[in-house]
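Structure first, commentary second.
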Amino acid sequence: MATQAAPQKLAGAFYTPPEVARCIVRWAVRNSADTVLDPSFGEGVFLRASAERIDSLGGIGQKQVCGVEIDMKTLEKARSTLQIQQLVLSDFFDVQSGHLPTFDAVVGNPPFIRYQHFKGEIRENALRSANRLGVSLSELTSSWAPFLVHAAEFVGSNGRLAMVLPTEMLHASYARPVVHFVLERFASVQLALFTERLFPDLNQDTLILFADKHGSRCSELRVRRFESLLKLEETLETASSFGEPVCLSDVSSTNGRLRNHFLDKEVADLYRFLQADPRSARLGELAQVGIGYVTGCNDYFHFTIEESHHYRIPDRYLVPTLANHGILRGLCFTEMDWNEAAQQGEAVYLVDIPRLPFSKLPKSVRHYIARGRRLRINRAYKCSVRKPWFSVPHGSPAQAFLSYMSGTAPRICWNSASVLATNSTHEVRFGPIVAFEPWKLAFTFWCSLTQLSCEIEGHPMGGGMLKLEPSEAESVLVIRPENTKISWEQFLELDALMRQKSTASAIDLADDVILRETLGLSWEQIQVIRDGLDLMRSSRRKRIGKN
């Protein structure tokens with residue numbers, strides 16, 4: 001697939017490779033009398049594949065295939081090259097159930113427009129359409145979600161729905177009502193995820209939804225990760241279904257979140273067993289995870305030591321901070337680390353101006369604020385909505401930090417220096433009664449079980465990154481630190497390994513102390529967990545050439 005131009009990206013028009021369309025159509029179109037709808041046909045690859053499939057089965061593809069398209073030039077091109085008789089010029093959300101008949105198969109690749117660009121009348125129309133079918137979607141919804149719901153309305157009784165969808169379906173909160181909708185409408189649902197991208201030049205991971213027997217509640221949900229489209233095709237040629245069946249009650253208990261169900265059975269069984277162990281807990285049972293303070297303009301509100309001298313800001317208005325989470329190297333951030341960062345020219349102070357009348361502030365601080373007005377810092381969004389704009393709200397230092405955007409692995413870092421932190425990192429705060437020291441949690445978080453849980457609960461981003469929202473981080477499985485016998489010497493050893501970037505040795509040490517000594521797992525069982533971690537982590541990172 002060629003790199004798309006900006007207008008196509010804004011329209012969500014990322015065209016499907018013909019081999020993907022043919023694979024989907026071979027599954028969806030099963031006899032010569034089948035009728036097919038592509039609700040947003042674009043270049044017409046699904047129309048062509050459907051017509052050819054019907055022709056090969058003895059039907060008349062040009063008469064049995066229908067397409068909807070919003071762009072006149074695109075429609076006219078398809079009409080002249082494909083001779084499809086039923087082509088409708090319309091925004092699909094304007095096509096109501098009475099305007100078209102139902103079809104034996106609805107196939108396609110819905111437009112994928114992220115919520116930032118999915119707005120205005122088109123957005124309102126889409127959300128109304130989904131709501132009419134009983135699906136309430138949030139303000140963070142991307143365009144594919146209401147499109148999929150609306151498309152299902154045109155599937156006939158016992159018919160099929162097969163579409164390319166973003167993997168956000170597996171983890172995004174806004175997608176969960178869509179998952180429940182599909183499971184309520186189709187008796188058999190299968191999801192195919194891929195290690196190799198279906199769209200090699202697109203920074204978006206995708207899956208294929210195969211939903212069968214429209215009109216009945218789901219009795220069979222199966223999922224599987226395939227190495228490539230070819231492996232899926234080989235499986236579909238020899239079997240009507242694929243993958244391990246998923247317990248539908250498990251889907252309900254995870255509120256429609258599906259990503260964790262793509263684990264191999266041996267890994268999933270061991271993970272569930274350890275999840276039920278009373279020595280384990282969700283991070284949210286031990287601590288509260290939240291974002292750090294928000295300045296509205298980090299460059300203005302943060303100072304290096306040299307800048308603090310230059311602007312002559314009194315010490316009482318300077319608070320030590322972690323402005324850049326990239327300087328975290330080990331499993332603890334000490335005063336020595338802070339001093340080293342300061343000597344290297346990092347911004348290490350937050351300018352903390354109290355809410356006092358302007359005239360009551362020192363002259364140097366007033367000059368600093370006046371400079372901010374000249375630079376229009378006061379008009380920045382976060383600054384403009386607070387009073388006074390120059391006073392950054394923040395709490396007390398958290399006991400630990402959590403790196404929430406990670407290329408390799410997230411980690412908890414003990415805040416030994418007791419500094420503040422910006423929203424470039426998450427804060428981990430314990431309740432008033434804590435049965436363990438923060439450094440013990442930092443140690444146990446590095447074991448392969450918790451790292452696997454981070455992959456399950458978090459979600460992949462562009463560039464192979466893993467992101468943990470605060471609610472996702474609080475769902476991560478950890479071994480209760482009070483049940484371990486981590487020594488201070490072991491913590492210092494693990495911290496040193498992390499600072500040396502000896503991650504393999506670090507996870508060996510953490511697994512030995514947490515999984516083997518504490519939980520009593522064998523190294524064979526530990527390897528099962530590691531294999532699951534390696535699979536999920538490599539499938540996330542392989543797409544950017546990292547192994």
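Only the coordinates and a few stated rules stand behind these numbers; no lab work does. Since this is a predicted model, take the numbers as computed values, not measurements. Please note: Cβ atoms are built from the backbone with ideal geometry, for glycine as well, and neighbour counts cover all protein chains shown.
Odds and ends about this structure:
- Using alpha-carbon coordinates, inclination of helix 72-82 to the longest axis of the chain, degrees: 50 degrees
- Residues CYS297, CYS383 arranged by fewest to most Cβ contacts within 10 Å: CYS297, CYS383
- When each of LYS73/LYS213; LYS265/LYS440; LYS382/LYS467; LYS77/LYS213 is checked by Cα-Cα distance, pairs over 25 Å: LYS73/LYS213; LYS265/LYS440; LYS77/LYS213
- Checking every one of the GluC sites (Glu not before Pro) in the stretch 171-227 against DSSP loop status and a limit of 13 other Cβ atoms within 10 Å picks out GLU227.
- Computed from the alpha carbon atoms alone, the convex hull of the stretch 141-284 holds 129 Å³ per residue.
- Straight-distance crosslink candidates among aspartates and glutamates, where the alpha carbon sits under 20 Å from LYS363 and sequence neighbours closer than 8 are dropped: GLU306, GLU307, ASP315, ASP352
- For LYS63, the aspartates and glutamates whose Cα falls under 18 Å of its own Cα, not counting residues fewer than eight places away in the same chain, are ASP34, ASP38, GLU52, ASP55, GLU76, ASP104.
- Ordering CYS247, CYS66, CYS447 by the number of other Cβ atoms within 10 Å of each residue's own Cβ, fewest first, gives CYS247, CYS66, CYS447.
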